[in-house]
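Reading through the structure tokens given below for one structure.
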Ligand code: IPE
Ligand code: IPE
Ligand code: MG
């Protein structure tokens, strides 16, 4: 039986967050420039997007470019931005066909103008789609988002709109870039690295983590299925005992 048939459709993660890593190493293994790996990573983006939508995942967040990635060589940044523009343009049809809404988190104002324009158009076109939301983390870092949230809250406090007692987890969640999305149930990182790299620090508080050695350009639907099947074997306790969780289930 293929792996996808073992997946319990009633226990599919509602939100999956992915750190798409390993493009550079994938290219290097073949004696090619890093950009070659980024280009091949686009197929993997399509595969996980389709794969997640097929299984009924409601939110998929992909880490496409971090704040720290601005420190890479200019040539690589330029190539990544050009690729982004091209990809958004070419994938909009697939998003429409699959009823997927496109959204972003991050300091997108720092992106080149043509990239901002493509994103704007694609988001406008897909805004009424309801099957799944694809969120691209672009020029994103979680510490930036948290700092931004603190500033918003401080401003509200200073102006008297809120009191000290109003500052709670809900208010913080509602001032983050991710405010319209539930916290991820599952976080997948490819390429064997086991770190968070400034991704969704607040939102991943109770997510299940799945690390695979597969490099991002090799990532296919089957790998997504394997991650979800693995997730379904976990017991999410949220601080409770295993006995309590079992009792609530029965
Ligand atoms: C992930 O692959 C893509 C981005 C960060 C944009 P990398 O480019 O980080 O590839 P490695 O980690 O160097 O192999
Ligand atoms: C994280 O990957 C960012 C993205 C996948 C866009 P990196 O490859 O930049 O992460 P570090 O710096 O090696 O941790
Ligand atoms: Mg990397």
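All of the numbers you see were taken from the coordinates with simple rules; none came from a lab. Note that the structure is predicted; figures quoted are calculated from it, not measured. With ideal geometry, Cβ positions are generated from the backbone for all residues, glycine too; neighbour counts draw on all protein chains shown.
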Residues 39, 86 arranged by fewest to most Cβ contacts within 10 Å: 86, 39
Per-selection Rg to Rh, region 204-250 - Cα, Kirkwood hydrodynamic radius: 1.11
Region 122-198 - Kirkwood radius from inverse mean 1/r over Cα pairs (Å): 15.2 Å
Cα coordinate range in the chain, projected on the principal axes (Å, largest first): 55, 54, 35
From the C-alpha gyration tensor of region 1-136, square roots of 5λ in Å: 26, 20, 13
Highest-fluctuation residue, 220, 72, 236 considered, GNM on the chain with Cα pairs under 10 Å: 72
Rounded to whole Å, sorted largest first: equivalent-ellipsoid semi-axes of region 101-250, Cα gyration tensor: 29, 26, 15
Relative contact order computed over the chain (Cα-Cα under 8 Å; 6+ residues apart), in percent: 28 percent
Candidates 82, 133, 178, ranked by Gaussian network fluctuation over the chain, Cα under 10 Å, top entry: 82
Distance between modelled label sites at residue 33 and residue 173, nm, 7 Å Cα→Cβ extension: 4.5 nm
Sorted by Cβ density within 10 Å, fewest first, the residues 214, 57: 214, 57
Fluctuation leader among 50, 165, 222 - the chain, Gaussian network, Cα springs under 10 angstrom: 165
Simple spin-label estimate for residue 86 and residue 99 in nanometres, 7 Å along Cα-Cβ: 3.2 nm
Label-zone membership for region 71-92, site residue 42, 7 angstrom Cα→C-beta point, backbone N under 17 Å: 76-92
Ranked 190, 6, 49, criterion: other C-beta atoms within 10 Å, fewest first: 6, 49, 190
Value of [θ]222 nm, deg cm²/dmol, for the chain, DSSP H segments ≥ 4, -39500 (n - 2.57) each, nearest 500: -14000 deg cm²/dmol
